[in-house]
């Protein structure tokens, strides 16, 4: 999953995994319907594991862990004899059921917000972007700032994918101005530069230039993105 998993950018595992996601999405623009969903699934997977690994294992954390295991189960015969599903449709149906139950039961909690975010990712993977957008919007408006920032990041991707570039740009600029532990200013900046790069290359360069000499993945991704922009 490393190819799709989003200081500079923070050097913790979460930030590095998300940064990898930026590259994956750019390489798969033709599959943008799945783009937001895959991102959401990976981001929330990491977020979910962070929650139930770092806190006391209470009922909500255990329920979230069980739901995540279902979402991450393979389709087809499992090589290690673990959980698997006969088809993607069967997996999606069960995932929707458990995350919907979790969201309803623990509405207003971190686990409930994560469950709703996961539901958005599944809908996006199914190509149901309108439903995914509604779920993300609810998290972005009602959730804790950390989770809301993740929802806004996914929403920006949907906006750009279906031609609402102005809304996507506004969303990412808001994230740049108001970063969180889960969506850094550098991450949002690189994403914005990539989305506007073809139509506004000069502006994209202006965004990326301050990042090109940053150590680690930030500088590397900024340089790569600069090299992909149209010539001046």
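Since every read-out is calculated from the coordinates, none of them should be taken as a lab result. Everything numeric here is computed off the predicted structure, so don't read it as measured data. Neighbour counts run over all protein chains shown; Cβ positions are idealised from the backbone, glycine included.
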- Task: Specify the residue that is surrounded by the fewest Cβ atoms within 10 Å (Cβ to Cβ); the eligible residues are those in region 65-119 that are part of a helix (DSSP H, G or I) and touching a strand residue (DSSP E or B) at 6+ places or on another chain (Cβ under 6 Å).
- Result: 88
- Return the only residue of 182, 195, 160 being under 25 Å from residue 109 (Cα atoms), surrounded by 15 or more Cβ atoms within 10 Å (Cβ to Cβ) and touching a helix residue (DSSP H, G or I) at 6+ places or on another chain (Cβ under 7 Å). 182
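Okay, residues lined up against (1) closer than 26 Å to residue 145 by Cβ; (2) within 23 Å of the chain's Cα centre (by Cα):
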{"residue": "71", "(1), (2)": "yes, yes"}
{"residue": "75", "(1), (2)": "no, yes"}
{"residue": "87", "(1), (2)": "no, no"}
{"residue": "93", "(1), (2)": "no, yes"}
{"residue": "97", "(1), (2)": "no, yes"}
{"residue": "102", "(1), (2)": "yes, yes"}
{"residue": "107", "(1), (2)": "yes, yes"}
{"residue": "110", "(1), (2)": "yes, yes"}
{"residue": "113", "(1), (2)": "yes, yes"}
- Query: Taking only pairs six or more apart or across chains, which ones have beta-carbon atoms under 7 Å, a first residue in region 215-232 that is more than 13 Å from residue 189 (Cβ to Cβ), and a second residue that is exposed (fewer than 15 other Cβ atoms within 10 Å of the Cβ)?
  - Reply: 216/11; 230/198
